[in-house]
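Asker: Shown below is the structure under consideration.
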Amino acid sequence: MSAARPHLCLVDLGMGNLRSVERALRAAMGDDLARDIVVSGDPGAVRDAGLVVVPGQGAFGDCSLALQRHGGALARALTDHIERDGHFLGICLGLQALFEGSDEAPGRGGLGVFRGRVRRFQDGLRDADGARVKIPHMGWNQVSVSPAGAHRIDEGAWFYFVHSFHVVPDDRSLVAAESEHGERFVCAVAKGNLLGVQFHPEKSQRAGLTLLRRVLEAVP
Amino acid sequence: MTVARRLIPCLDVKNGRVVKGVQFVGLRDAGDPVDCARAYDRDGADEITFLDITATHEARDILLDVVARTADQVFVPLTVGGGIRARADVDAILRAGADKVSINSAAVKTPELVNEIADAYGRQALVVAIDARRRDAADPSKGWEVFTHGGRVNTGRDALAWADEMHRRGAGEILLTSMDRDGTGRGYDLELVRAVVERVAIPVIASGGVGTLAHLEEGLRPIARGGGGADAALAATIFHDGLHTLTEAKAFLRERGVPVRATTP
């Protein structure tokens, strides 16, 4: 059936919620875009993939450790794939891991594909009604799309978020979309065939499936 | 842009069937939780909650199958509550495809379970349900007590102190039900909702008493404007009985300035 297309590698960092992402990818594929999904933390599975998806929920420090397994071979396979402009989707921690480091785990590094850091939302902010801005940022929020994200993300679309940290890229041209939670923050970055999103397309109903479908459509 | 207030329909499930069928036009099987969840998803539910009221252990596998089939077709967060006593129960439910579990009596019996679940799966996966009743029905200044077992057992604990403890131990959200108002259709106990929202820094889901769309709006309206200040509203009857659709409820809320998610057409 789908043997002709290079597989999709769903990178298993041992950090949960893989099945949700797999289910959503299958639903977004339908029959016409069907391809094999290989769930694996093996660098070889990343190397041969047509599309690499790195999901992730949990702590940055654990994610950093998981990437350094196999003597750093998984991290190298991912950065090689990205440097070749391979098709790549990072979700939540899979976005954060592209940066140099995070305030969540100061001694631990990310992949360092992009310059910049992952920072925590400011504490103690209040909204216009005086209600406290809660951390984690949990629930549905709207995005404002930048040129880098325009072909994949719809302006004003609602996505489901669960996070306390957000990326701050040095290079503003990477910004694909922003959202607001007490402060404005970057919720998606894009470069070539790479897209990283802070929200969870797998839990964002039709808006999420639409985004996944656009990512899948671009993969040969 | 701001995070939307959420509407969460709740389905009571027993032996794999919805206890009180959903009166929806065009539903194939009003008693099938998967069909009901799909219908709510299409209608714009921001999350869906299953409350399992099955008594027997054997029926647990039926529930897990329902959760898995729902997760295959519904792509909004799914919470499952009822009958969770130990970490193994949590593990099975999350692995079947739920995003969060909701615990109530087990947290009262073993508060350390809250820390254990939060450490293992993250706070975002844990909702602690609190059933609260006024000490004096006419006087909210006397406070509220925590009840378990569907309101039959008074734990003697103060609801606000309990909410605070649950937050500190690792609850990601509080599902707050007023036992005084549940099933009455008279609206939320707004004093209770406000008191808990002001006490804890995590999201509060208001429940119990919704009979009209105006009640939903009161619960979600900011405290500074006289509302309950809740982050989300859980409701059953108002949606199950076909009194109102979620689409209608959201339009009503939007017109009154409550930020709600628009559903992608």
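Asker: Here are some residues: B:ASN115, B:ASN154, B:ASN104. Which one is within 22 Å of B:VAL197 (Cβ to Cβ) and open to solvent by 10 Å² or more (accessible area, probe 1.4 Å)?
Answerer: Of the residues listed, the single one that is within 22 Å of B:VAL197 (Cβ to Cβ) and open to solvent by 10 Å² or more (accessible area, probe 1.4 Å) is B:ASN104.
Asker: Looking at A:ASP170, A:ASP123, can you tell me which residue is surrounded by fewer than 22 Cβ atoms within 10 Å (Cβ to Cβ) and touching a Gly at 6+ places or on another chain (Cβ under 8 Å)?
Answerer: A:ASP170
Asker: Ok, one more. State the number of residues belonging to region B:122-142 that are over 19 Å from the mean Cα position of the chain (by Cα) and either assigned to a strand (DSSP E or B) or touching a residue at least 24 places away in the same chain (Cβ under 8 Å) (or both).
Answerer: So the answer is 3.
Asker: Just for region A:10-29: of the residues that are open to solvent by 10 Å² or more (accessible area, probe 1.4 Å) and in a helix (DSSP H, G or I), which one is nearest to B:PRO77 (Cα to Cα)?
Answerer: A:SER20
Asker: Of the numbered conditions (1) free of Cβ contacts under 8 Å to residues at least 40 places away in the same chain; (2) under 22 Å from B:ALA120 (Cβ atoms), B:GLY172 satisfies every one except a single condition; which is it?
Answerer: Looking at each condition in turn, B:GLY172 falls short on (1).
Asker: Looking only at region B:157-174, how many residues end up being open to solvent by 10 Å² or more (accessible area, probe 1.4 Å), in a strand (DSSP E or B) and within 25 Å of B:TYR121 (Cα to Cα)?
Answerer: Of the residues in region B:157-174, 0 are open to solvent by 10 Å² or more (accessible area, probe 1.4 Å), in a strand (DSSP E or B) and within 25 Å of B:TYR121 (Cα to Cα).
Matching residues to (1) open to solvent by 10 Å² or more (accessible area, probe 1.4 Å); (2) away from every other protein chain (no Cβ under 14 Å); (3) among the basic types (Lys, Arg); (4) part of a strand (DSSP E or B):
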position	(1), (2), (3), (4)
A:LYS134	yes, no, yes, no
A:TRP140	no, no, no, yes
A:ALA148	yes, yes, no, no
A:HIS151	yes, yes, no, no
A:ALA176	no, yes, no, yes
A:ARG184	yes, no, yes, yes
A:GLY196	no, yes, no, yes
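Asker: Just need a number here: residues in region A:24-60 that are more than 14 Å from every other protein chain (Cβ to nearest Cβ), more than 20 Å from A:ALA77 (Cβ to Cβ) and in contact (Cβ under 8 Å) with a residue 60 or more places away in the chain.
Answerer: Number satisfying all stated conditions: 1.
Asker: Taking the condition of being out of contact with any Ser or Thr (no Cβ under 8 Å at 6 or more places or on another chain), crowded, with 24+ Cβ neighbours inside 10 Å and either assigned to a helix (DSSP H, G or I) or free of Cβ contacts under 8 Å to residues at least 40 places away in the same chain (or both), how many residues in region B:205-227 meet it?
Answerer: Residues in region B:205-227 being out of contact with any Ser or Thr (no Cβ under 8 Å at 6 or more places or on another chain), crowded, with 24+ Cβ neighbours inside 10 Å and either assigned to a helix (DSSP H, G or I) or free of Cβ contacts under 8 Å to residues at least 40 places away in the same chain (or both): 4 in total.
Asker: For region B:26-53, which positions are of a type in the set (S, T, N, Q) and open to solvent by 20 Å² or more (accessible area, probe 1.4 Å)?
Answerer: Within region B:26-53, none qualify.
Asker: While we're looking at this one, here's another question. Select from region B:228-248 the residues that are among the β-branched types (Val, Ile, Thr) and open to solvent by less than 40 Å² (accessible area, probe 1.4 Å) and list them in ascending order.
Answerer: B:ILE238
Asker: Next question. For region B:249-265, what are the residues that are assigned to a helix (DSSP H, G or I), within 14 Å of chain A (Cβ to nearest Cβ) and surrounded by fewer than 18 Cβ atoms within 10 Å (Cβ to Cβ)?
Answerer: B:ARG254
Asker: Among A:LEU212, A:LEU216, which is the only one that is within 14 Å of chain B (Cβ to nearest Cβ), at pLDDT 95 or above, surrounded by 18 or more Cβ atoms within 10 Å (Cβ to Cβ) and outside any strand (DSSP E or B)?
Answerer: Of the residues listed, the single one that is within 14 Å of chain B (Cβ to nearest Cβ), at pLDDT 95 or above, surrounded by 18 or more Cβ atoms within 10 Å (Cβ to Cβ) and outside any strand (DSSP E or B) is A:LEU212.
Asker: Answer yes or no as to whether B:HIS149 is surrounded by fewer than 19 Cβ atoms within 10 Å (Cβ to Cβ), over 12 Å from B:GLY208 (Cβ atoms) and within 17 Å of the chain's Cα centre (by Cα).
Answerer: Considered against the rule, which asks whether it is surrounded by fewer than 19 Cβ atoms within 10 Å (Cβ to Cβ), over 12 Å from B:GLY208 (Cβ atoms) and within 17 Å of the chain's Cα centre (by Cα), B:HIS149 comes out as yes.
Asker: Of all residues being out of contact with any Lys or Arg (no Cβ under 8 Å at 6 or more places or on another chain) and in a loop (DSSP other than H, G, I, E, B) in region B:175-190, which is least open to solvent (accessible area, probe 1.4 Å)? Just the residue, please.
Answerer: Checking each candidate, the answer is B:GLY185.
Asker: Here is a follow-up. Out of B:ASP164, B:ASP136, report the one residue that is modelled with pLDDT of 95 or more, over 29 Å from B:VAL90 (Cα atoms) and among the acidic types (Asp, Glu).
Answerer: B:ASP136
Asker: In addition: Of the residues A:LEU98, A:LEU65, A:LEU111, A:LEU93, only one is within 14 Å of chain B (Cβ to nearest Cβ) and either open to solvent by 30 Å² or more (accessible area, probe 1.4 Å) or within 16 Å of the chain's Cα centre (by Cα) (or both); which?
Answerer: A:LEU93 is the lone residue from the list that is within 14 Å of chain B (Cβ to nearest Cβ) and either open to solvent by 30 Å² or more (accessible area, probe 1.4 Å) or within 16 Å of the chain's Cα centre (by Cα) (or both).
Asker: Criterion first (more than 14 Å from chain A (Cβ to nearest Cβ) and modelled with pLDDT under 95) does B:VAL66 satisfy it?
Answerer: Against the criterion (more than 14 Å from chain A (Cβ to nearest Cβ) and modelled with pLDDT under 95), B:VAL66 does not qualify.
For (1) among the hydrophobic types (A, V, I, L, M, F, W, C); (2) open to solvent by less than 10 Å² (accessible area, probe 1.4 Å), each residue gets a yes or a no:
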site: B:ASP61; (1), (2): no, no
site: B:LEU64; (1), (2): yes, no
site: B:ALA96; (1), (2): yes, no
site: B:ASP119; (1), (2): no, no
site: B:ALA132; (1), (2): yes, yes
site: B:GLU145; (1), (2): no, no
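Asker: If you take the residues in region A:198-209 that are of a type in the set (A, V, I, L, M, F, W, C) and not in a loop (DSSP other than H, G, I, E, B), which one is surrounded by the fewest Cβ atoms within 10 Å (Cβ to Cβ)?
Answerer: A:LEU209
Asker: A follow-up question, please. What number goes with the only condition from (1) closer than 24 Å to A:ARG214 by Cβ; (2) not in a helix (DSSP H, G or I) that A:GLY58 does not pass?
Answerer: With respect to (1) closer than 24 Å to A:ARG214 by Cβ; (2) not in a helix (DSSP H, G or I), A:GLY58 is out only on (1).
The values are calculated or read from the model by the stated rules, or taken from the named source; none is laboratory data. Since this is a predicted model, take the numbers as computed values, not measurements. Every residue, glycine as well, gets a Cβ built from its backbone with ideal geometry; the counts of neighbours run over all protein chains shown. Only protein heavy atoms, including side chains, enter the accessible area calculation; ligands, DNA and RNA are left aside. Shrake-Rupley method; radii C 1.70, N 1.55, O 1.52, S 1.80 Å.
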